[in-house]
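Student: Shown below is the structure under consideration.
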Amino acid sequence: MIRSLPNSPVYKYTYRFYAICFFIFLVMPLIAISVLAFNNSDFVALPWRGFTLDWFFANTDQRTGFFADDGLIQSIFISIKTAFYVATLSTIVGTIAALLFEEEKFRFKGLLYFLALTPLVIPGVILGISILISSTMAGGYLQDHFGWDIEFLSPSFWLVVLGQFSFAATYVMRLVGARLKKFDRTLEEAALSLKATRLQSIIYVTIPFLRPAIIGAFVVAFLISFSNFNTTIFLIGSDPTLPVDLYSRIKFSSTPVLNAVSFLIVVFITVAALISLFLNRNKK
Amino acid sequence: MENKKNFNVTFYLLIIPVLLWLVILIVLPHIDLLISSFQVDSDAGGKIFSFEHYMAFFKNKIYWLTFVNTAAYAIGVTILAFIVTFPIAFYLTKVISKKYASFLVLLLLIPLWVGELVTVYGWMIILGDHGVVNQFLIYIGLIDKPLPLLYTNFSMTIGLLYMSMLFMVVPIMSTLESLDDSLIEAASDLGASKWTIFRKIIIPYSMPGITSGAIIVFMLVIGDYVAPDILGGKSSLWFTEQIYNEFLATFNWGEGAAFGFLLLFISSSIIWLTLKLSGQKLERVGS
């Protein structure tokens with residue numbers, strides 16, 4: 001059953017066969033996408049018509065490759081910009097929340113902590129529509145009573161950032177909080193007894209200890225933002241992020257250029273994952 | 001004395017951003033969602049209180065049928081995700097050597113980070129009439145005409161399972177990792193069968209992981225839009241699609257808000273019930 005116990009060959013091979021099937025199931029969509037990114041055909045379909053790099057580089061009337069597709073490049077750029085702001089904002093607030101809930105005692109702490117966790121179990125679509133309704137209400141109110149026209153309260157770039165931040169901060173809080181649990185409090189106490197203020201001890205002692213977790217959380221928040229669709233779709237203005245752009249192209253006009261961009265994402269994620277594996281192995 | 005004052009300043013520096021986040025982006029929006037689900041435009045041009053949107057839901061069979069169908073489907077996919085991934089979680093933590101395991105775990109996480117849009121698109125390519133599966137079956141002569149795989153409940157289930165199952169594997173693996181092998185060895189030495197060990201030791205021990213995985217999978221599936229919309233057929237009834245239509249196609253926000261609130265209500269109730277039945281706290285979910 002486990003490594004140290006003997007097993008019958010039938011059991012062993014059946015189990016191995018199941019695992020192989022599972023991993024084939026797992027990589028199949030990624031491989032199908034990647035292979036068809038190089039198919040010399042105008043349709044995203046078999047049969048295989050030979051190898052081409054057109055879907056990356058072509059810029060003709062019939063075929064627009066990824067690097068010539070201004071719309072796609074633009075939406076990737078917007079996604080990166082969004083993800084950068086979301087990751088920065090949620091890393092700051094998420095870390096602050098972790099410090100608050102791990103180190104401070106105050107009234108209604110339990111309630112507040114519960115609220116901070118709720119984005120884990122609220123479907124993204126609900127966050128999207130409630131923030132949309134709320135910001136529209138606030139925008140309408142300010143318009144009617146003060147005559148202010150506040151742009152980011154209607155669907156726009158900054159509303160997307162706020163919407164994604166609302167749940168990304170929870171993930172940061174969890175990641176940083178987990179590391180903070182391992183923190184040796186006596187270090188902070190030592191700093192305090194050496195006449196450091198509370199704030200100084202956080203900045204010079206606690207934060208440096210948390211740094212690996214904070215960097216990791218930033219990356220996680222960035223990726224969460226980069227691939228988000230459910231919340232983003234309601235808050236988007238005129239400039240689509242990559243998932244929103246991909247969605248409308250898949251729905252209405254799919255060409256193998258979608259495979260090309262998907263292939264690049266897969267390669268990017270795989271390389272990043274391998275680097276993280278390599279770094280973690282070296283640490284040990 | 002001065003030290004105490006410092007403590008206070010730090011406390012406010014910490015609590016103010018957190019309060020802003022939670023009040024403005026979590027609490028107020030949900031209150032506004034609830035309010036606008038009870039509002040209709042009056043003839044005078046203002047807003048009046050009304051149950052109209054909820055009445056529309058209960059009067060139209062298609063709405064509540066979709067609602068029930070979606071909730072039942074989400075529970076079904078959650079159970080399916082457990083059955084499919086539990087053996088894998090066990091395999092990666094207990095059966096194969098650690099050297100391969102870390103590589104395979106990495107492989108497991110790649111689809112997660114690649115994102116739902118891309119993987120759903122991949123399944124669309126695989127299951128289509130000119131897709132890999134159909135073309136292969138035709139090539140080996142098993143069928144003459146492509147099977148209708150795409151735009152069915154089958155393809156929708158595959159998509160939902162694929163995008164959510166990894167959220168089941170990870171928490172189960174983290175509980176199994178802390179399960180001491182000697183417990184299993186001892187049971188085996190005492191003559192317990194594999195099934196008994198599985199039922200009496202492994203499942204009870206990994207219950208916290210199963211619970212938090214199940215909650216996340218359920219929430220993701222019930223709130224998912226991309227897989228049902230792209231892979232599901234015209235006959236696939238999916239409640240989230242109704243919400244999207246209310247907001248993005250027919251612009252009936254009031255009714256959309258009511259539907260959204262109903263979705264939030266059913267998903268929170270089921271999650272709450274799961275937590276109560278398993279005696280687990282929300283803090284553990286997703287860790």
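Student: Which GluC sites (Glu not before Pro) in region A:51-122 sit in a loop by DSSP (not H, G, I, E or B) and have at most 15 other Cβ atoms within 10 Å of their own Cβ?
Tutor: A:Glu104
Student: Let me ask something else about it. How are the alpha carbon pair distances in the protein assembly as shown distributed across 20 Å bins from zero to the largest one, expressed in percent?
Tutor: 18, 51, 28, 3, 0
Student: What list of ³J(HN,Hα) couplings, whole Hz, do you get for region A:134-146 from phi and the Karplus terms 6.51, -1.76, 1.60, once you set θ to phi - 60° and write x for glycine and proline?
Tutor: 4, 5, 5, 4, 4, x, x, 4, 5, 5, 5, 8, 10
Student: Order of A:62-68, A:184-190 by packing, highest average Cβ count within 10 Å first?
Tutor: A:62-68, A:184-190
Student: Would you tell me the mean number of C-beta atoms belonging to other protein chains that fall within 10 Å of each C-beta in B:104-110, as a whole number?
Tutor: Going residue by residue through B:104-110 and averaging, the value is 5.
Student: Would you kindly derive the ³J(HN,Hα) couplings of region B:91-105 from the backbone phi angles with the Karplus curve 6.51 cos²θ - 1.76 cosθ + 1.60 (θ = phi - 60°), listing them in order in whole Hz, with x for Gly and Pro?
Tutor: Rounded to whole hertz, the list is 4, 6, 8, 10, 9, 8, 5, 4, 4, 6, 4, 5, 5, 5, 4.
Student: Continuing with the same structure: Give, as ranges by residue number, the residues of region A:114-131 whose backbone N falls under 20 Å from the point 7 Å along Cα→Cβ of B:Trp272.
Tutor: What the label zone holds, given the 20 Å backbone N cut-off, is A:114-127, A:130.
Student: Tell me, Kirkwood radius of region A:171-284 from alpha-carbon pair distances, in Å?
Tutor: 17.8 Å
Student: Region B:107-178 to region A:91-169: how many Å between their Cα centroids?
Tutor: Between the Cα centres of region B:107-178 and region A:91-169 lies a distance of 34 Å.
Student: Largest first and in whole Å, give the semi-axes of chain B's equivalent ellipsoid, each being the square root of 5 times a Cα gyration tensor eigenvalue.
Tutor: Over the Cα atoms of chain B, the semi-axes work out to 38, 33, 18 Å.
Student: How high is the FRET efficiency between B:Trp64 and B:Ile31 when r is their beta carbon distance and R₀ equals 25 Å, given to the nearest 0.05?
Tutor: That pair, B:Trp64 with B:Ile31, gives E of 0.50.
Student: Taking neighbour Cβ counts within 10 Å as the exposure measure, how do B:Met173, A:Met173 sort from fewest upward?
Tutor: Listed from fewest to most nearby Cβ atoms, that is B:Met173, A:Met173.
Student: Take B:Asp129, A:Asp245 and order them by how many other Cβ atoms sit within 10 Å, fewest up front.
Tutor: Arranged by neighbour count, lowest to highest, B:Asp129, A:Asp245 become B:Asp129, A:Asp245.
Student: So which lysines pass the test for B:Lys145, namely a Cα distance under 29 Å, with those fewer than 8 places away in the same chain ruled out?
Tutor: Once the sequence-local lysines are set aside, what remains near B:Lys145 is A:Lys251, B:Lys234.
Student: Please work out the FRET efficiency for the pair A:Asp184 and A:Val271, using the Cβ-Cβ distance as r and a Förster radius of 56 Å; give the result to the nearest 0.05.
Tutor: Efficiency computed from Cβ-Cβ geometry: 0.95.
Student: A further question on this structure: Exposure proxy check: B:Val285, A:Val121, A:Val10, B:Val23 ranked by fewest other beta carbons within 10 Å?
Tutor: Least crowded to most crowded, the residues run A:Val10, B:Val23, A:Val121, B:Val285.
Student: Between B:Lys194 and B:Met207, how many nm apart are label points set 7 Å from Cα along the C-beta direction?
Tutor: Distance between label points: 2.5 nm.
Student: Quickly work out the B:Lys99-to-A:Met137 label distance, labels modelled 7 Å from Cα along the C-beta direction, and quote it in nm with one decimal.
Tutor: Taking the simple label geometry, A:Met137 and B:Lys99 are separated by 6.1 nm.
Student: Here's a follow-up. So what does log10 I(q)/I(0) come out to for region B:1-103 at q = 0.14 Å⁻¹, using the Debye formula with one equal point on every Cα and no solvent?
Tutor: -0.87
Student: Can you pull the one-decimal nm distance between simple spin-label points at B:Ala56 and B:Asn153, each 7 Å off the Cα toward Cβ?
Tutor: With each label placed 7 Å out from Cα toward Cβ, I get 2.8 nm.
Student: Calculate I(q)/I(0) for region B:172-274 by the Debye formula, one identical point scatterer on each C-alpha and no solvent, and give its log10 at q = 0.11, 0.17 Å⁻¹ to two decimals.
Tutor: Rounded to two decimals, the profile gives -0.55, -0.84.
Student: What does the convex hull of the Cα atoms come to per residue for chain A, in Å³?
Tutor: 229 Å³
Student: Tell me which of A:Val172, A:Ile126, A:Tyr141 sits at the most positive position along the dipole axis of region A:108-191, charges placed on C-beta atoms (Lys, Arg +1; Asp, Glu -1).
Tutor: Farthest along the dipole direction, towards plus: A:Val172.
Student: Taking the Cα atoms of region A:8-164 alone, what are Rg (to one decimal) and Dmax (as a whole number) in Å?
Tutor: For region A:8-164, the Cα radius of gyration and maximum Cα-Cα distance read 24.7, 78 Å.
Student: Gaussian network model of chain A, Cα springs within a sub-10 Å range: biggest mean-square fluctuation belongs to which of A:Phe114, A:Phe84, A:Phe146?
Tutor: A:Phe146
Student: Can you tell me what the convex hull of the Cα atoms of region B:71-118 projects to on average, as an area in nm²?
Tutor: The directionally averaged projection comes out at 4.1 nm².
Read the figures in this text as sums done on the coordinates, not as results from a lab. Treat the numbers as computed from the prediction; the structure is a model and nothing was measured. With ideal geometry, Cβ positions are generated from the backbone for all residues, glycine too; neighbour counts draw on all protein chains shown.
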